[in-house]
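Below: the structure, in structure tokens.
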Amino acid sequence: MNSASLSPDITKVRQRLSTTVIGRSWHVAAELPSTNSVAKQMAAAGAEEGLVVLCERQAAGRGRGSHLWHSPPGGLWFSFLLRPQAVPRSVLRYTALTAAAVAIAVEEVTGTPIDIHWPNDLMVGERKIGGVLCEVASSGTSLTYVVIGVGLNVNNGPETFPPELRPRTTSLVELLGHGVEPEPLLVAILETAERLIFDPTEGGFLRYRARLSTIGHRVSIEGQQQVVGLAIDIDESGQLLVTTATGAFTINHGHCRHLPASGPSS
């Protein structure tokens, strides 16, 4: 690994950042339980839209459902706060647009192509390099806030992963063979996220779909019920459309696994 720093210099990030919403204020720490949990606490206490919470290490980082997210120094672990006026069903779009933003920014900065496993896993082949976790508070048909968390393995090499995760996890430093300067990468992610979320002309949803490797795969969705079938598309809200032997399903949440090409559908 070269001399790239493990954690971004926030002074440099703020000097380079050209966003108007995301990054209005910052809360930075060496270690937090999770950036999402802190961002939610600050949102409930009245923090302004655009707050970014970032840390070097998460002691209890979280992924989808109850899964823990291993978050050692060297990765990018951050969350940002939005206060949109939208119905709760639109939450999946924030996940999709942010996942697309991370994938686009990583490829622009490092040349590494990133695919997305529906709805929020950032993948290089069949190895996970990052993910997005979106959490909300709502009142009636309006969202009080949206907290969007991003975890990305950057300069944390395979030696930092638990042994059981190493075969299915990777990082930019492992893929490239050298470290990545975190400041331009974080700036690119935040600027791309702001464009995709706030500017419809950026075509963010289509760019998400173009990177979604789940479409065309046989999948198993584990949620309130298990659905096994062929993922054929997503709808305008980001929900996954799956056809099975017993009919068509529209899935808005659940753990999605890609399956081998042959086999029965439920």
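Would you confirm whether any residue within the range 181-195 is in contact with an Asp or Glu (Cβ under 8 Å, 6 or more places away or on another chain), assigned by TED's automatic domain parsing to the domain that holds Trp118 and among the acidic types (Asp, Glu)? Within the range 181-195, one or more residues are in contact with an Asp or Glu (Cβ under 8 Å, 6 or more places away or on another chain), assigned by TED's automatic domain parsing to the domain that holds Trp118 and among the acidic types (Asp, Glu).
Selection of the range 177-192 for residues being in a loop (DSSP other than H, G, I, E, B) and either touching a residue at least 40 places away in the same chain (Cβ under 8 Å) or in contact with a Lys or Arg (Cβ under 6 Å, 6 or more places away or on another chain) (or both) yields His178, Gly179, Val180, Glu181.
Checked against (1) among the polar types (S, T, N, Q); (2) farther than 15 Å from Thr98 by Cβ; (3) without any contact (Cβ under 8 Å) to a residue 60 or more places away in the chain; (4) crowded, with 17+ Cβ neighbours inside 10 Å, Asn156 meets all criteria but (3). The condition (being under 12 Å from the mean Cα position of the chain (by Cα), on the phi < 0 side of the Ramachandran plot and among the hydroxyl-bearing types (Ser, Thr, Tyr)) is satisfied by just one residue among Thr95, Thr160, Thr169: Thr95. The set of residues in the range 200-235 being among the acidic types (Asp, Glu) and within 21 Å of Ala100 (Cβ to Cβ) consists of Glu202, Asp233, Asp235.
For Ser25, the test of being surrounded by fewer than 16 Cβ atoms within 10 Å (Cβ to Cβ) and out of contact with any strand residue (DSSP E or B) (no Cβ under 6 Å at 6 or more places or on another chain) is failed.
Consider Gly151 carefully, then state whether it is modelled with pLDDT under 95 and of a type outside the set (Ser, Thr, Tyr). It would help to see each step written out before you state the result.
Values: modelled with pLDDT under 95: no; of a type outside the set (Ser, Thr, Tyr): yes.
Against the criterion (modelled with pLDDT under 95 and of a type outside the set (Ser, Thr, Tyr)), Gly151 does not qualify.
Please indicate, with yes or no, whether at least one residue in the range 217-229 is of a type in the set (Gly, Ala, Ser), crowded, with 19+ Cβ neighbours inside 10 Å and farther than 29 Å from Leu82 by Cα. Yes: the range 217-229 contains one or more residues that are of a type in the set (Gly, Ala, Ser), crowded, with 19+ Cβ neighbours inside 10 Å and farther than 29 Å from Leu82 by Cα.
Scanning the range 34-44 for residues that are of a type outside the set (Ser, Thr, Tyr) and surrounded by 15 or more Cβ atoms within 10 Å (Cβ to Cβ) turns up Asn36, Val38, Ala39, Lys40, Met42, Ala43.
Taking the conditions exactly as written (in contact (Cβ under 8 Å) with a residue 24 or more places away in the chain and touching a helix residue (DSSP H, G or I) at 6+ places or on another chain (Cβ under 8 Å)), does Leu212 satisfy them or not?
Working: in contact (Cβ under 8 Å) with a residue 24 or more places away in the chain: yes; touching a helix residue (DSSP H, G or I) at 6+ places or on another chain (Cβ under 8 Å): no.
No.
With respect to being touching a Leu at 6+ places or on another chain (Cβ under 8 Å) and without any contact (Cβ under 8 Å) to a residue 24 or more places away in the chain, Glu202 fits the description.
When Gly238, Gly177 are checked against the criterion of being over 15 Å from Ala105 (Cβ atoms) and surrounded by fewer than 16 Cβ atoms within 10 Å (Cβ to Cβ), Gly177 stands alone in meeting it. Among residues of the range 34-90 being of a type in the set (Gly, Ala, Ser), at pLDDT 95 or above and farther than 25 Å from His117 by Cβ, the one that is nearest to the chain's Cα centre (by Cα) is Gly50.
The number of residues in the range 105-147 that are surrounded by fewer than 14 Cβ atoms within 10 Å (Cβ to Cβ) and in contact with an Asp or Glu (Cβ under 7 Å, 6 or more places away or on another chain) comes to 1. Would you check if Arg14 is at pLDDT 95 or above and among the basic types (Lys, Arg)? So Arg14 fits the description; yes.
The values are calculated or read from the model by the stated rules, or taken from the named source; none is laboratory data. Here the structure is a predicted model, which is why all the values come from computation and not from measurement. Methodologically, a virtual Cβ is constructed for each residue, glycine included, from the backbone with ideal geometry; neighbour enumeration extends over all protein chains shown.
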